[in-house]
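Novice: Following this message is one structure expressed as structure tokens.
The values are calculated or read from the model by the stated rules, or taken from the named source; none is laboratory data. Given the structure is predicted, the values throughout are model-derived calculations rather than measurements. In this analysis, Cβ positions are derived from the backbone assuming ideal geometry, glycine residues included, and neighbour counts consider all displayed protein chains.
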Amino acid sequence: MEMEKLVSLCKRRGFLFQSSEIYGGLNGFWDYGPLGVELKRNVKDAWWRDMVTAHDDMSVLPGAPTEYEMTGLDCTIIMHPQVWKCSGHFDLFVDKMVDCRESKKRYRWDHVVGAWVTGAKKQHGADAVKAEVERVFVTVMDSENPLPQIETRALKYFGLRAKDASKIEMESKTAVLSSFDSFEAVVGPDATTTGTLTDPRDFNLMFPTTIGALGGEDDRAFLRPETAQGIFVNFRNVVDSTRVKIPFGVAQVGKSFRNEITPRNFTFRSREFEQMEIEFFCHPDSSQKWYAFWRDRRMQWYKKLGLSGERLILREHHQDELSHYSTGTADIEYAFPFLPAGEYGELEGIAHRGDFDLRSHMEGKLDEKSNPLAVQLNEHGKPKYRGSGKDLTYRDEVTNERYTPHVIEPSAGADRATLAFLCEAYREDSAPDDKGNMQTRTLLSLHPRIAPIKAAVFPLVKKDGMPEAAKEIYLALKQKFNVFYDEKGAVGRRYRRQDEAGTPYCITVDGESLSDKTVTIRDRDSLEQVRVKMDDVVAEIESRINA
């Protein structure tokens, strides 16, 4: 599937728009249109229903542990600055960036890719002398197929035209800028000469903001880069205000913000995004068992809603990939169409975080082996970042054992999940039009649970009582589902409009309906049409959606 086709459909049918588009757009920010907001809401609702409300439905994962509880929170986007200092984000939540002295642009250095090119600059004029052969590393921003772009940039550097491509020799193997120690022979992504890139430096990804009217350093705060910390700092509140006992999980869905240097690939890497996170608190002795449970449970969820086959994988992190506090992390990854063949992008991470977070918010530091913040002291030799000093341990009322719980964190991106479901669902096939001629149709084969519109209701023609009967069915369905009524145009065109919107079922009222009180239900994927009694339509659609 070509990504350009999906992006075009998303704009045309109202799934996604560029933020502030009439002013030229704002890179890294996206607006969900009428269909997109329904799709994303359905994804979040399915997640909450399956992970929180119906968490103890063990039929979905036979043999898994059953004794645990789930609850939820909705925390603020702006929190006390000390939260981000004790969590490590203030010092460690950084990307490396490079600046170009010529173009005045900034790039994330591990997203700049290039290839070595050998050639000689074209000379002009009667006094031109033969140019020396140069070998330079020509770069572009990372993309699905960078080599053609690199060649275009190389020709421009050497002052050649496309017809002169044989005059340069370009290596087919690409490399990322982050593998280089020196940039002297590097041509920046928007530069015309070599050696214009600065040395890489840290760039904090948190968005700063100001609380209050004075705007001084003491009023500085940040938009949260993740939803997890709100759960950790409320651990004691949840335990004291509810009857939950360990093991239990706390779920949250909410917006997060990261000042990405180079947002790209549609909604995959954005500066404003929505997360679906669980912090699952358990006894240290059983934490490995729960890590395996959540890793498998979350993989199964994506498969159940339509992501399957070779495009979806579960990848355990190697030891050198793990965070300093983690004893295990697995990523659920999807082969998005904008990635090179054989590469996968992260949908969700399931991390065994140990007791790092709760202990950090209690003490502000751990031992040097597990927390780099421990070695950071102020001018008085005291820990630079102090914890809250509050007791975030847990006491088992049965055994009287007191301990700091371990945490398993399944952290999913609502926007990335929505994008993956769209990519998986997009397809083109052939279907007959109103005259029986086969034509190419575009459809989104979304799972009925997450489809923006569950059913569309059509009168075959606008007369003979068909619109009135169709509207009765529409109003009955609308009490339970998001449905659509359409009486404009040929019925074949109406079918195709709903196919593009991902609507799984179309209900048509025709001349026969008025005599025998039945309607036709058309299945989007199979094109199968069956007759169903009018009185049974709501129950039939409900059973199909929940199947």
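Novice: When Ala115 is evaluated against the numbered criteria (1) at pLDDT below 90; (2) small (Gly, Ala, Ser); (3) buried (at least 16 other Cβ atoms within 10 Å of the Cβ), which criterion, by number, is the only one it fails?
Specialist: Against the list (1) at pLDDT below 90; (2) small (Gly, Ala, Ser); (3) buried (at least 16 other Cβ atoms within 10 Å of the Cβ), Ala115 comes up short only on (1).
Novice: Among the residues of the range 121-131, is any in contact with a Ser or Thr (Cβ under 7 Å, 6 or more places away or on another chain), touching a residue at least 40 places away in the same chain (Cβ under 8 Å) and either among the basic types (Lys, Arg) or in a strand (DSSP E or B) (or both)?
Specialist: No, the conditions are met nowhere in the range 121-131.
Novice: Right, here's the next one. Looking at the structure I just gave you, is Leu205 among the aliphatic types (A, V, I, L, M) and within 30 Å of Glu279 (Cα to Cα)?
Specialist: Yes.
Novice: Follow-up question, since we're still on this one. I'm checking my understanding of the structure. Among residues of the range 325-363 that are hydroxyl-bearing (Ser, Thr, Tyr) and at pLDDT 90 or above, which one is surrounded by the most Cβ atoms within 10 Å (Cβ to Cβ)?
Specialist: The qualifying residue surrounded by the most Cβ atoms within 10 Å (Cβ to Cβ) is Tyr334.
Novice: Name every residue in the range 1-25 that is acidic (Asp, Glu) and either assigned to a helix (DSSP H, G or I) or buried (at least 16 other Cβ atoms within 10 Å of the Cβ) (or both), in order of residue number.
Specialist: Scanning the range 1-25 gives Glu4, Glu21.
Novice: Suppose the filter is closer than 30 Å to Leu160 by Cβ and either acidic (Asp, Glu) or not assigned by TED's automatic domain parsing to the domain that holds Tyr157 (or both); does Asp181 pass it? Don't jump to the end; show me each part of the working.
Specialist: Values: closer than 30 Å to Leu160 by Cβ: yes; either acidic (Asp, Glu) or not assigned by TED's automatic domain parsing to the domain that holds Tyr157 (or both): yes.
Considered against the rule, which asks whether it is closer than 30 Å to Leu160 by Cβ and either acidic (Asp, Glu) or not assigned by TED's automatic domain parsing to the domain that holds Tyr157 (or both), Asp181 comes out as yes.
Novice: Looking at the range 215-274, which of the residues that are in contact with a strand residue (DSSP E or B) (Cβ under 8 Å, 6 or more places away or on another chain) and acidic (Asp, Glu) is surrounded by the fewest Cβ atoms within 10 Å (Cβ to Cβ)?
Specialist: Asp219
Novice: Considering each of Thr192, Thr209 in turn, give the residue that is in contact (Cβ under 8 Å) with a residue 40 or more places away in the chain and part of a loop (DSSP other than H, G, I, E, B).
Specialist: Thr192
Novice: What residue, of Gly24, Gly33, Gly28, is modelled with pLDDT of 95 or more, among the small types (Gly, Ala, Ser) and in the same structural domain as Val233 (by TED's automatic domain parsing)?
Specialist: Gly33
Novice: So if I check each of Asp535, Asp499, which one is assigned to a helix (DSSP H, G or I) and loosely packed, with under 13 Cβ neighbours inside 10 Å?
Specialist: Working: Asp499 fails: loosely packed, with under 13 Cβ neighbours inside 10 Å.
One residue alone meets the criteria, Asp535.
Novice: Could you check the range 195-205 and list, in sequence order, the residues that are closer than 15 Å to Lys104 by Cα and either in a loop (DSSP other than H, G, I, E, B) or of a type in the set (D, E, K, R) (or both)?
Specialist: Gly195, Thr196, Thr198, Asp199, Pro200
Novice: In the set Gly88, Gly63, which member is crowded, with 18+ Cβ neighbours inside 10 Å, closer than 30 Å to Trp47 by Cα and modelled with pLDDT under 90?
Specialist: Gly88
Novice: Which of the numbered conditions does Asp415 fail, given that it passes all the others? Conditions: (1) part of a helix (DSSP H, G or I); (2) among the charged types (D, E, K, R); (3) touching a Phe, Trp or Tyr at 6+ places or on another chain (Cβ under 9 Å); (4) outside the structural domain of Ser8 (by TED's automatic domain parsing).
Specialist: That leaves (4) as the condition not met.
Novice: Can you go through Ser172, Ser178 and tell me which one is polar (S, T, N, Q) and closer than 30 Å to Phe90 by Cα? Reasoning before the result, please.
Specialist: Details: Ser172 fails: closer than 30 Å to Phe90 by Cα.
That would be Ser178, the only listed residue that is polar (S, T, N, Q) and closer than 30 Å to Phe90 by Cα.
Novice: State yes or no: is Phe232 within 28 Å of Cys75 (Cα to Cα), touching a helix residue (DSSP H, G or I) at 6+ places or on another chain (Cβ under 9 Å) and not in a strand (DSSP E or B)?
Specialist: yes
Novice: Within the range 502-532, take every residue that is of a type in the set (D, E, K, R) and within 30 Å of the chain's Cα centre (by Cα) and give me the one that is surrounded by the most Cβ atoms within 10 Å (Cβ to Cβ).
Specialist: Arg524
Novice: So which of Asn234, Asn259 is free of Cβ contacts under 8 Å to residues at least 60 places away in the same chain and in the same structural domain as His55 (by TED's automatic domain parsing)?
Specialist: Just a single option satisfies the conditions, and that option is Asn259.
Novice: While we're on this one: Looking only at residues in the range 262-300 that are part of a loop (DSSP other than H, G, I, E, B) and within 26 Å of Thr76 (Cβ to Cβ), which one is nearest to the chain's Cα centre (by Cα)?
Specialist: For the range 262-300, the residue satisfying everything is Thr267.
Novice: I want to confirm something. Restricting to the range 389-412 and keeping residues that are within 31 Å of the chain's Cα centre (by Cα) and in a strand (DSSP E or B), which single residue is surrounded by the most Cβ atoms within 10 Å (Cβ to Cβ)?
Specialist: Val407
Novice: Further question: For the range 434-451, indicate whether the set of residues that are in a strand (DSSP E or B), among the polar types (S, T, N, Q) and either under 28 Å from Trp301 (Cβ atoms) or assigned by TED's automatic domain parsing to the domain that holds Leu527 (or both) is non-empty.
Specialist: yes
Novice: Just checking, how many residues over the range 195-207 are crowded, with 18+ Cβ neighbours inside 10 Å and of a type in the set (Val, Ile, Thr)?
Specialist: Summing the residues that are crowded, with 18+ Cβ neighbours inside 10 Å and of a type in the set (Val, Ile, Thr) in the range 195-207 gives 1.
Novice: Could I ask something else about it? For Tyr385, indicate whether it is modelled with pLDDT of 95 or more, assigned by TED's automatic domain parsing to the domain that holds Ala251 and among the hydroxyl-bearing types (Ser, Thr, Tyr).
Specialist: For Tyr385, the condition - modelled with pLDDT of 95 or more, assigned by TED's automatic domain parsing to the domain that holds Ala251 and among the hydroxyl-bearing types (Ser, Thr, Tyr) - is not met.
Novice: Hey, another quick one. On the given criteria, is Leu305 free of Cβ contacts under 8 Å to residues at least 60 places away in the same chain and more than 14 Å from Ile408 (Cβ to Cβ)?
Specialist: no
Novice: Now for a separate question. Looking only at the range 142-180, which residues are assigned to a strand (DSSP E or B) and within 30 Å of the chain's Cα centre (by Cα)?
Specialist: The answer is Ala175, Val176.
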